[in-house]
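The values are calculated or read from the model by the stated rules, or taken from the named source; none is laboratory data. Because the structure is predicted, anything quoted here is derived from the model rather than measured. Every residue, glycine among them, receives a Cβ derived from its backbone with ideal geometry; neighbour counts consider all protein chains shown.
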């Protein structure tokens, strides 16, 4: 949090620090800092917002981007074109503005108008409540598992902690650590900064980021000999094909998907096929926020 505050304009960081001094618990409950040109800064908690007095200027946006990009916005151009930055500490900065399109591909985002600073937090041990449902102690592996929840209910947080435990091993369950390949398509799970995970994803985990799940799975299978591959937010036909290839190779899978019920995921023809073929062995629906 100190790094984020030091990168914000003084007017914004000063007002946030003043609020922290008044409401000391806020620093632990803060999920996002929303910054929009010609609008007030908004601090978002799980169930409420705090609206600051400062009205954001274009100069504020440029200042923040330059600080987060270490005064070299061009070096981060590829990430910016994907609509986000991952910064030191694993925090993720969402970016919107006017997109420049060439040959159907975004090559730049100009007139950046909004930043969403998402505060990265690990919840170590949050997966203790479900890990017994998916590990196969007798065969020293896991069941092919799909975690399902609506947006914002913590499935990525849960996935991260599961990967950590599976990779490290679980002594009190006599479960030995496994080599895990983690496809971190948007950099949200391991939150790598300059290639180094900022979150604890375990000692036997190899992370490939900023690549499609299908391509990431292909690279991991070819080069890293994983025992388990984990991916966040599957759903496309390309994802399903990659998963089928992975499972045929004898590698176990751990995935997440948006949804509120079994019925929701069965509406996806490709995922439902995996379920009907018993290639997905365990489905766990998360209905409450992971904390």
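Given the options 89, 94, 83, name the one that is in contact with a helix residue (DSSP H, G or I) (Cβ under 6 Å, 6 or more places away or on another chain), in contact (Cβ under 8 Å) with a residue 12 or more places away in the chain and surrounded by fewer than 18 Cβ atoms within 10 Å (Cβ to Cβ).
On the way: 94 fails: in contact with a helix residue (DSSP H, G or I) (Cβ under 6 Å, 6 or more places away or on another chain); 83 fails: in contact with a helix residue (DSSP H, G or I) (Cβ under 6 Å, 6 or more places away or on another chain).
Being in contact with a helix residue (DSSP H, G or I) (Cβ under 6 Å, 6 or more places away or on another chain), in contact (Cβ under 8 Å) with a residue 12 or more places away in the chain and surrounded by fewer than 18 Cβ atoms within 10 Å (Cβ to Cβ) holds for just one of 89, 94, 83, which is 89.
Which of the residues that make up the stretch 251-277 are part of a strand (DSSP E or B), surrounded by 18 or more Cβ atoms within 10 Å (Cβ to Cβ) and within 20 Å of the chain's Cα centre (by Cα)? Give the steps one after another, and end with the answer.
Pass one, the stretch 251-277, residues part of a strand (DSSP E or B): 252-258.
Of the ones still in play, those that are also surrounded by 18 or more Cβ atoms within 10 Å (Cβ to Cβ) are 252-257.
Across the stretch 251-277, the qualifying residues are 253, 254, 255, 256, 257.
Which is at pLDDT below 90, farther than 11 Å from residue 146 by Cβ and in the same structural domain as residue 216 (by TED's automatic domain parsing), of 260, 249, 291? Before the answer, list the steps.
Numbers: 249 fails: at pLDDT below 90; 291 fails: in the same structural domain as residue 216 (by TED's automatic domain parsing).
Checking each option against the conditions leaves just 260.
Out of the residues in the stretch 102-124 meeting the condition of being assigned to a loop (DSSP other than H, G, I, E, B) and in contact with a helix residue (DSSP H, G or I) (Cβ under 7 Å, 6 or more places away or on another chain), tell me which one is surrounded by the most Cβ atoms within 10 Å (Cβ to Cβ). Explain how you work it out, then say what you get.
In the first step, residues of the stretch 102-124 are kept if they are assigned to a loop (DSSP other than H, G, I, E, B); the result is 103-104, 119-124.
Then keep just the ones that are in contact with a helix residue (DSSP H, G or I) (Cβ under 7 Å, 6 or more places away or on another chain); that gives 122-124.
On the way: 122: 16, 123: 13, 124: 12.
Selected residue: 122.
Residues of the stretch 1-24 being touching a helix residue (DSSP H, G or I) at 6+ places or on another chain (Cβ under 6 Å) and either without any contact (Cβ under 8 Å) to a residue 12 or more places away in the chain or surrounded by fewer than 14 Cβ atoms within 10 Å (Cβ to Cβ) (or both), which ones?
Within the stretch 1-24, 13, 20 meet the criteria.
If we keep just the residues of the stretch 37-74 that are within 15 Å of residue 118 (Cβ to Cβ) and surrounded by 13 or more Cβ atoms within 10 Å (Cβ to Cβ), which is farthest from the chain's Cα centre (by Cα)? If you could, list the steps in order and put the result at the bottom.
First, the residues of the stretch 37-74 that are within 15 Å of residue 118 (Cβ to Cβ): 41-46, 49, 64, 68.
Checking the rest, the ones that are also surrounded by 13 or more Cβ atoms within 10 Å (Cβ to Cβ) come to 41-45, 64, 68.
On the way: 41: 23, 42: 22, 43: 20, 44: 18, 45: 18, 64: 22, 68: 19 Å.
The extreme case among them is 41.
Mind telling me which of the residues 228, 280, 248 ends up being under 20 Å from the mean Cα position of the chain (by Cα) and at negative phi? Show your work before the answer.
Details: 280 fails: under 20 Å from the mean Cα position of the chain (by Cα); 248 fails: under 20 Å from the mean Cα position of the chain (by Cα).
Just one listed residue meets the conditions, 228.
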